[in-house]
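The values are calculated or read from the model by the stated rules, or taken from the named source; none is laboratory data. No experiment lies behind these values; they were computed from the predicted model shown. Please note: Cβ atoms are built from the backbone with ideal geometry, for glycine as well, and neighbour counts cover all protein chains shown. Only protein heavy atoms, including side chains, enter the accessible area calculation; ligands, DNA and RNA are left aside. Shrake-Rupley method; radii C 1.70, N 1.55, O 1.52, S 1.80 Å.
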Amino acid sequence: MIFQAKDLRNVVLLGHSGCGKTTFAETMLFESGAIPRRGRVEDGNTASDYTLIERAKGNSIFTALMAVEWKESKINILDTPGLDDFAGEVVSALKVTDTALVLINAASGVEVGTELVWETVMWNQVPAAFVINQLDHEKSDYEESLEELRLHFGKKVLPVQYPLNQGRDFNTIVDALRMTMYVFGEEGGKPEKRPIPDSEIERAQKMHNDLVEAVAENDESLMEKFFEEGSLTEDELARGLTLALSGQEIFPVFCCSALNNMGSGRIMGFLNDIAPSPLDRKNEVLKGGEVLEADASAPTTVFIYKTLSEPRVGKLSYFKVFSGTLSPGDELYNVQNRASERFNQIYTTNGKERRAVPKLSAGDIGVTVKLRDSHTNDSLNSKGVDRRIRTIKFPEPRIRMAVKPPSKSEMEKMARALNILQEEDPTIRLEHSRELNQMILHGQGQLHLDIIKYRLEKVYGIKMEFEEPKIPFRETISGVADAYYKHKKQSGGSGQFAEIKMRVEPLVNSAGGPEGLNLRSREVVDLPWGGKMELCWCIVGGAIDTKFIQAIKKGILLRMEKGPLTGSPCTDVRVSVFDGKMHSVDSNDMAFQTASSMAFKQAFENASPQLLEPLCNLEVHCGGEVMGEVMGDLQTRRALIHGMGAEGHYQLINAKVPLAELHHYTSSLKSITQGKAKFKLSDAGYAIVPAEVQHQMVS
Ligand SMILES: Nc1nc2c(ncn2[C@@H]2O[C@H](COP(=O)(O)OP(=O)(O)OP(=O)(O)O)[C@@H](O)[C@H]2O)c(=O)[nH]1
Ligand SMILES: [Mg+2]
């Protein structure tokens, strides 16, 4: 069956790791008849966590796409990983979905992961509802969980249901939207509908009225009707709910025990009746400002939100049809690289299971295999259309590790495989550092890097080793020094002769010039490793011919690349060449290149050389209860705290920290705060290394 946009529901499951997203997805598949029996995460047989590594770890690592049919709708379910290292999977899923279901565990309430995904939901303006799951858990506390939701996410959080019991005997939910009660049998599944007992009517009615009021408040015509008649019809309430949900004006709260299969049917009913379809969502605004509607009759535009290579299958490209329709055999044009791509087969999936489909219409999500030259964030259009869907902004890396193959001969093979993985996972970055002579892998956390190592081995058969990444130090000077160097070489054939006098000083700004010298010309060089070198030609009386300026510059730059202090590149130095001698025969480029390189070394070493180290801006969000530990730990990392404050329920710490002190920070922060903190990193330039650290480094 081909589903039109009005009957599509694209839903993403979000929440802290372990809150029950995969188990919930499994009940949706089972309840809708998509799978004959339910798997369990512990048994490693759920539809969503189908890769070997997920089964081994017992956590989702990749977003899995599944599809169920419920009443008139096709519900595309994207089950995301809750572990913070895989945040990239969350942002890409949010790009293509119209409703976010944020699950929490009724035994632990709002957790760091809940807040992390909420930030992204708000940033992407995706309509959202909460599901309080695990109500069968012996420590389940519905009231506490609901209170925490309100505390963290505000008064738009509105309960639609509440449990009449909790813990091991949990089996009854009062639904204030439908004003009915659901009682589940031992096996869960389809509940029995019963009238709400008298003892609960008042509470349920209050909850219902709060919902009606919130919906009415959000729409003028409904407000008028509500004031006139004091209530809304079921249709008006449904329409108002869709409107309020689509505008993020309310965040309804549902109840569930995914493990006991209690509650998912009602939630799918809500998705079918109320949740926005691609037509209800704000239309996609293209890079040029054009608004793109989910119109099946318009030319086709497809956006690739995820790429994944699988053994024996090859490259899978997950996409959303933003406009038009797509059928097997269709040829589209990649707007980024102008390549034409044939979609030989298109599929919907339930995790590993792929089912070929005859057509996908605007608003729908699917998969294809073996596209030749298309990647995540690419837009593909019908011929003659030039639309670019705004790309997904992936999180910046937070950890770096040097990687090496088991043997030198496998270096290229490893680099090729890592490049493919980098293409698939935009949250990793591979850096070939000539300066550090290392290949550096940047990622989201240690677990993230371990998964890459695992995949390299399993998918590409390459055993990669991690090693500590070197720090890209820089060298500069704080003093002024002159140097004189005479280079003379007499060996068979033409000799070499060059004499040079130069001064080095810190390059503070190019406005000034070398004091007391005769400035003839100057050249400012932007150094490939950052910073500048200014070469001032102050030769009088032709002591050195200007034809040797380039050779002299080359000699200085070669020496600057591997600085005299630690072999790190030098930066921000003014070099003034103010005297020297030539020999009519033996003076040549090589002679002056050598002389200038040696003279620079001498002068640099006598000009109070200083080591500079890369700094990072570190932003830590942590609970007040772990603030002390976080601060204490930062003090041991030579951090410069330059701001503290509260943000929502978090304490916020802003600091500048040397990169050299941040090795393994992800795992140590996790352990000192039991996972109750998160952080962001960004480059903060360079700073002088303290004398005692420099001394250690140089010695
Ligand atoms: N008691 C109880 N346990 C549950 C329920 N839902 C899930 N669990 C258990 O919680 C654990 C984690 O469940 P998952 O479904 O893997 O959680 P998740 O949110 O997908 O976790 P990540 O994939 O790591 O993000 C498993 O042991 C489940 O059996 C529930 O409703 N009640
Ligand atoms: Mg999971």
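Points to keep in mind about this one:
- Restricting region 658-693 to residues that are part of a loop (DSSP other than H, G, I, E, B) and without any contact (Cβ under 8 Å) to a residue 60 or more places away in the chain, the residue that is surrounded by the most Cβ atoms within 10 Å (Cβ to Cβ) is LEU662.
- Residue satisfying all of: in region 1-27; within 12 Å of ligand 1 (Cβ to nearest atom) and in a helix (DSSP H, G or I); most open to solvent (accessible area, probe 1.4 Å) among these: THR23
- Selection of region 309-360 for residues being within 25 Å of the chain's Cα centre (by Cα) and of a type in the set (Gly, Ala, Ser) yields SER309, GLY314, SER317, GLY351.
- Qualifying positions in region 145-178 - out of contact with any helix residue (DSSP H, G or I) (no Cβ under 8 Å at 6 or more places or on another chain) and among the acidic types (Asp, Glu): GLU147, GLU148, ASP169
Per-residue answers, yes or no, for (1) of a type in the set (Gly, Ala, Ser); (2) in a helix (DSSP H, G or I); (3) surrounded by 21 or more Cβ atoms within 10 Å (Cβ to Cβ); (4) outside the structural domain of THR22 (by TED's automatic domain parsing):
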residue	(1), (2), (3), (4)
GLU224	no, yes, no, no
ASP235	no, yes, no, no
GLY240	yes, yes, yes, no
GLN248	no, no, no, no
ASN260	no, no, no, no
MET268	no, yes, yes, no
PRO278	no, no, yes, yes
ASP295	no, no, no, yes
SER309	yes, no, no, yes
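- Residues in region 91-113 that are of a type in the set (A, V, I, L, M, F, W, C) and in a helix (DSSP H, G or I): VAL91, ALA93, LEU94, VAL96, VAL112.
- Any hit, region 55-78, residues being at pLDDT below 95, within 22 Å of the chain's Cα centre (by Cα), within 11 Å of ligand 1 (Cβ to nearest atom) and of a type outside the set (Gly, Ala, Ser): yes
- Within region 635-657, being closer than 23 Å to GLU111 by Cα and either of a type in the set (D, E, K, R) or part of a helix (DSSP H, G or I) (or both) holds for one residue alone: GLU647.
- Annotation: of all residues in region 32-49 being open to solvent by 50 Å² or more (accessible area, probe 1.4 Å) and of a type in the set (Asp, Glu), the one that is nearest to ligand 2 (Cβ to nearest atom) is GLU42.
- For first residues located in region 1-26 and touching a residue at least 12 places away in the same chain (Cβ under 8 Å) and at positive phi, partners that are near ligand 2 (Cβ under 8 Å from one of its atoms) and not in a strand (DSSP E or B) and lie 6+ apart or on another chain with Cβ distances below 8 Å form the pairs GLY15/LYS21; GLY15/GLY82; GLY18/ASN59; GLY18/GLY82.
Quick grid of which residues meet (1) of a type outside the set (D, E, K, R); (2) surrounded by fewer than 24 Cβ atoms within 10 Å (Cβ to Cβ); (3) at pLDDT 95 or above:
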{"position": "SER264", "(1), (2), (3)": "yes, no, yes"}
{"position": "TYR305", "(1), (2), (3)": "yes, no, yes"}
{"position": "LYS315", "(1), (2), (3)": "no, yes, no"}
{"position": "PRO328", "(1), (2), (3)": "yes, yes, yes"}
{"position": "ASN334", "(1), (2), (3)": "yes, yes, yes"}
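- The one condition from (1) farther than 26 Å from TRP118 by Cβ; (2) more than 13 Å from ligand 2 (Cβ to nearest atom) that ASP84 does not meet is (1).
- On inspection, ARG38 passes the criterion of being within 13 Å of ligand 1 (Cβ to nearest atom), in contact with a Phe, Trp or Tyr (Cβ under 7 Å, 6 or more places away or on another chain) and more than 25 Å from LYS678 (Cβ to Cβ).
- Set SER671, SER608: member being among the polar types (S, T, N, Q) and at positive phi: SER608
- Hits in region 50-63 (condition: within 13 Å of ligand 2 (Cβ to nearest atom) and either in a loop (DSSP other than H, G, I, E, B) or in contact (Cβ under 8 Å) with a residue 24 or more places away in the chain (or both)): TYR50, THR51, ILE53, GLY58, ASN59, SER60, ILE61, PHE62, THR63
- Close Cβ contacts (under 7 Å, 6 or more residues apart or on different chains) running from residues in region 644-655 that are within 16 Å of CYS616 (Cα to Cα) to residues that are surrounded by 19 or more Cβ atoms within 10 Å (Cβ to Cβ) and at pLDDT 90 or above comprise ILE653/VAL620; ILE653/VAL630; ALA655/LEU618; ALA655/LEU634; ALA655/ALA639.
- Candidates LEU116, LEU177 - the one that is within 16 Å of ligand 2 (Cβ to nearest atom) and outside any strand (DSSP E or B): LEU116
- Beta carbons closer than 8 Å, at least 6 apart along the sequence or on distinct chains, pair a first residue in region 117-132 that is assigned by TED's automatic domain parsing to the domain that holds PHE24 with a second that is part of a helix (DSSP H, G or I) and open to solvent by 40 Å² or more (accessible area, probe 1.4 Å) for TRP118/HIS152.
- Filtering region 64-72 for residues that are open to solvent by less than 10 Å² (accessible area, probe 1.4 Å) and away from ligand 2 (no atom under 14 Å from the Cβ) leaves a non-empty set.
- Index of the failed condition, LEU211 passing every other in (1) free of Cβ contacts under 8 Å to residues at least 40 places away in the same chain; (2) in a helix (DSSP H, G or I); (3) open to solvent by less than 20 Å² (accessible area, probe 1.4 Å); (4) touching a strand residue (DSSP E or B) at 6+ places or on another chain (Cβ under 7 Å): (1)
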